[in-house]
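Here's the structure, in structure tokens; my notes come after.
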Amino acid sequence: EGQLPAGVLALVYKIFGVHKPFMMLPILAFLGSTTVKVIGKILELFNVTGRWWPLIIGFFFTVTPTSISWMVYPHQDAFIVPGVLFITWSYLSFMLAGFQWSILLSFIFGVILVIGTKTYFSEILFVCTIVIFFQCLYYSFAKRSVISKKSLLFFFISTMIFGIISLLNNGYLGTSSKNLNFRDEKLLKKTTNHFRAKNQEFSIPEIYKEKI
């Protein structure tokens, strides 16, 4: 869970048989260029257009420390950032331009990037989607704003899905504990006994103490 970057890297290694991190560069380049493209799409929703905007965005996006680190190793942010932007673009599009199936596919792609990399982000998306859903309801009935029923249904279903994922995930602590190296209880016990035999202290996460 939450190992999408490692899974993609393992798949690339398996297909090409070259076990070098630079094999991820084409994928990282695609994610980086897609991020810049989505930022431009978001600006277009607010009528910010022009030939120079993509160049300006691309420059500042490229020189940020996080983006530069993508060139070193498969950073999680390389998947998180475009995923969040895809979701943001989808939400804004459904609110401002109405429901579109093509944008729904972009939303699903963004959710896969985000949840597949950091599962506990489902809690953040759950809260944000609830706020957006009730805001859309308010504008639909109180302000007589034209927000399609399909868009409202989309936000409602998204809220339910993110809520279910959050419950199954047991929150941030649950995700963090699952991503630790001590997946095997036998390994945890063996490691603990090893340190105890040498009279050395070994810090054990509270969530695992009951398993020893």
*Which members of region 93-107 meet the condition of being open to solvent by 40 Å² or more (accessible area, probe 1.4 Å) and aliphatic (A, V, I, L, M)?*
Met95, Leu96, Ala97, Leu105
*asked:* Cβ contacts < 8 Å: first residue acidic (Asp, Glu), restricted to region 4-27; second residue outside any helix (DSSP H, G or I), any location; separation 6+ or different chain. Result?
replied: none
*Filter region 1-53 down to residues that are of a type in the set (S, T, N, Q) and over 19 Å from the mean Cα position of the chain (by Cα) and give me whichever is least open to solvent (accessible area, probe 1.4 Å).*
Thr49
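The values are calculated or read from the model by the stated rules, or taken from the named source; none is laboratory data. As the structure is a computational prediction, the values presented were derived from the model and not from experiment. Quick reminder, even Gly has a Cβ in these numbers, built from the backbone with ideal geometry, and neighbours come from all protein chains shown. Each accessible area value is taken on the protein alone, full model and side chains, heavy atoms only, with ligands, DNA and RNA left out. Shrake-Rupley method; radii C 1.70, N 1.55, O 1.52, S 1.80 Å.
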